[in-house]
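Notes follow once the structure below has been shown.
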Amino acid sequence: VQLQASGGGLVQAGASLKLSCVLSGGASSFDHMGWYRQAQGKVREFLAGTSWSGANTYYADSVKGRFTVSSDIGKSTIYLEMNNLKPEDTRVYYCASGPTYAGHWPPLSPRFWGQGTLVTVSS
């Protein structure tokens, strides 16, 4: 399984950006996909997760209402639409794939990771 994230870049505060992540290699359709981000020297932070059908989505409180995760199973692609970006959103953003565990937060337990895409928000 390989994950290829793209769409990062340099934007100004208040702008929007949409990240994409393409999965190849035939992961289980029961696995979920999700987005994480990490600042240098910091712990990787969960942002959002989704089932492939899109019927089950979940978000970290820190991004709920600003970020939207979506999926296109026909393209084996998930997206993260980020609105009203702030300088503190400057991070490397990663996509991940893996099983879910009921009663855990987040439910997604990553087994595979993409390579990361850098988002820089200027003030």
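The values are calculated or read from the model by the stated rules, or taken from the named source; none is laboratory data. Just so we're clear, the structure is a prediction, and the values are computed from it rather than from any experiment. Every residue, glycine as well, gets a Cβ built from its backbone with ideal geometry; the counts of neighbours run over all protein chains shown. Surface accessibility is based on the protein's heavy atoms, side chains included, excluding ligands, DNA and RNA. Shrake-Rupley method; radii C 1.70, N 1.55, O 1.52, S 1.80 Å.
Loop-only check: which trypsin sites (Lys or Arg not before Pro) in the range 12-59 are DSSP coil with at most 16 other Cβ within 10 angstrom?
Lys42, Arg44
Could you pull out every residue, at least 5 positions away or on a different chain, whose amide H is within less than 5 Å of the one on Ala15? Hs are placed 1.01 Å off N in the peptide plane, and Pro or chain starts have none.
For Ala15, the qualifying residues are Leu85.
In percent, what relative contact order does the chain have, based on Cα pairs under 8 Å that are 6 or more apart in sequence?
Worked out over the chain, it gives 34 percent.
Please turn the phi angles of the range 53-70 into ³J(HN,Hα) values with the Karplus equation 6.51 cos²θ - 1.76 cosθ + 1.60 (θ = phi - 60°), one per residue in order, whole Hz, x for glycine and proline.
Running phi through 6.51 cos²θ - 1.76 cosθ + 1.60 with θ = phi - 60° gives 6, x, 6, 10, 10, 8, 9, 6, 4, 5, 10, 4, x, 9, 10, 10, 9, 9 Hz.
Run the numbers on the range 68-114 and let me know its relative contact order in percent, using alpha-carbon pairs under 8 Å that are six or more apart.
RCO, the range 68-114: 25 percent.
Round to the nearest 10 and report in Å² the accessible area of His104, as given by a 1.4 Å probe over the protein chains' heavy atoms.
110
With every protein chain left in place, what is the accessible area per residue of the chain in square angstrom, probe 1.4 Å?
On a per-residue basis, the chain sits at 51 Å².
Give me the distance in nm between label points sitting 7 Å out from Cα along the Cα-to-Cβ direction at Gln40 and Glu81, one decimal.
Label at Gln40, label at Glu81, 3.3 nm between them.
5 Å is the cut-off here: which amide hydrogens, built 1.01 Å from N in the peptide plane, fall below it relative to His32, excluding neighbours closer than 5 in sequence?
The answer is Gly98, Thr100.
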